[in-house]
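Student: Quick one: this structure, given as structure tokens, is what I'll be asking you about.
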Amino acid sequence: MTGPAYIRRETRVSIVINTVLSALFFLAVFGNSASVPVWGSGGYVLDFGPQGFMIGLMATLVPGALARRALRSGTIDPVRGSTRMPRGLLLRGVSCGVAGAVAGIALSGAGLTLAGLAQLPWWPALLAKLAFGFVLAALITPAGLRAELIAR
């Protein structure tokens, strides 16, 4: 299998997994109440921190470890190019996790500050969390895989 085809396939898998996990964690944290508090400890905005960190970390570590094994066994080909991402898988995962957490808190905080909301209706809050999980996995997974598969 070529590296780009492998990246596309694994990115689709990561998107599905991270979107489902986003839904499960949203339900665990906020339940199915009528509204979700936006600010404060345990509020919606701060919840983007752990969500962003875990998606960034896991969308890098798990696919990266699988790609490393597939590359070593010769079932996929390396890709050409360069990356600015850290070479080490753990450092790359933590870096992507921190970037995901910062992005999640900053974007949600800015948007909700501009909207002036203190509470969010449950469905829009859930849908925004799902969209964030989807987009973050769609951005981080291929970047992390590409960094792992670059011929050294």
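The values are calculated or read from the model by the stated rules, or taken from the named source; none is laboratory data. None of these values were measured; they are calculated from a predicted model. Counting neighbours? That spans all protein chains shown, and the Cβs are built from the backbone with ideal geometry, glycine included. Note: accessible area is taken over every heavy atom of the protein model, side chains too, but ligands, DNA and RNA are not part of it. Shrake-Rupley method; radii C 1.70, N 1.55, O 1.52, S 1.80 Å.
Student: Roughly how many Å² is the accessible area per residue of segment 1-87, as a whole number, for a 1.4 Å probe? If you can, show how the numbers build up before the last one.
Tutor: Numbers: 5020 Å² over 87 residues.
Ligands and nucleic acids excluded, the result is 58 Å² per residue.
Student: Along the Cα-to-Cβ line of Thr2, 7 Å from the Cα, sits a label point; which residues in segment 55-89 have backbone N less than 13 Å from it?
Tutor: 77-80
Student: Pop out the carbon and sulfur fraction of the accessible area of the chain as a percent, whole number, probe 1.4 Å. Working shown, then result.
Tutor: Details: 5730 of 8090 Å².
Answer for the chain is 71 percent, counting heavy atoms of protein chains only.
Student: Between Leu130 and Val16, 0.36 nm times their residue separation minus their Cα-Cα distance comes to what?
Tutor: Working: separation 114, 0.36 × 114 = 41.04 nm, distance 1.01 nm.
Value of the extension gain: 40.0 nm.
Student: Just the number please: accessible area per residue for segment 88-152, 1.4 Å probe, all protein chains included, in Å². Walk me through the numbers on the way to the answer.
Tutor: Numbers: 3060 Å² over 65 residues.
Using a 1.4 Å probe on heavy atoms only, each residue of segment 88-152 averages 47 Å².
Student: Classify segment 36-123 as rounded, prolate or oblate from the Cα gyration tensor: take a ≥ b ≥ c as the square roots of its eigenvalues, call it rounded if a/c is under 1.5, otherwise prolate when a/b beats b/c and oblate if not. The partial results should precede the final answer.
Tutor: Values: a/c = 3.43, a/b = 2.88, b/c = 1.19.
Prolate, because a/c is 1.5 or more and a/b exceeds b/c.
Student: Taking Cα centroids, how far is segment 13-64 from segment 89-152 in Å?
Tutor: 9 Å
Student: Let me ask you something else. Which translational diffusion coefficient, to the nearest whole µm²/s, is obtained for the chain from the Stokes-Einstein equation, given a Kirkwood hydrodynamic radius over C-alpha pairs, 37 °C and 0.692 mPa s?
Tutor: Details: Rh = 16.0 Å.
Answer from the Stokes-Einstein relation: 205 µm²/s.
Student: Shifting gears a bit: With a cut-off of 8 Å between alpha carbons and a minimum separation of six or more residues, what is the relative contact order of the chain in percent? Don't skip to the answer; put the middle values down first.
Tutor: Working: 212 pairs, mean separation 68.3, N = 152.
About 45 percent, as a whole number.
Student: Something else now. So for the pair Leu66, Val29, with labels modelled 7 Å out along Cα→Cβ, what separation do we get in nm?
Tutor: Roughly 2.5 nm, to one decimal.
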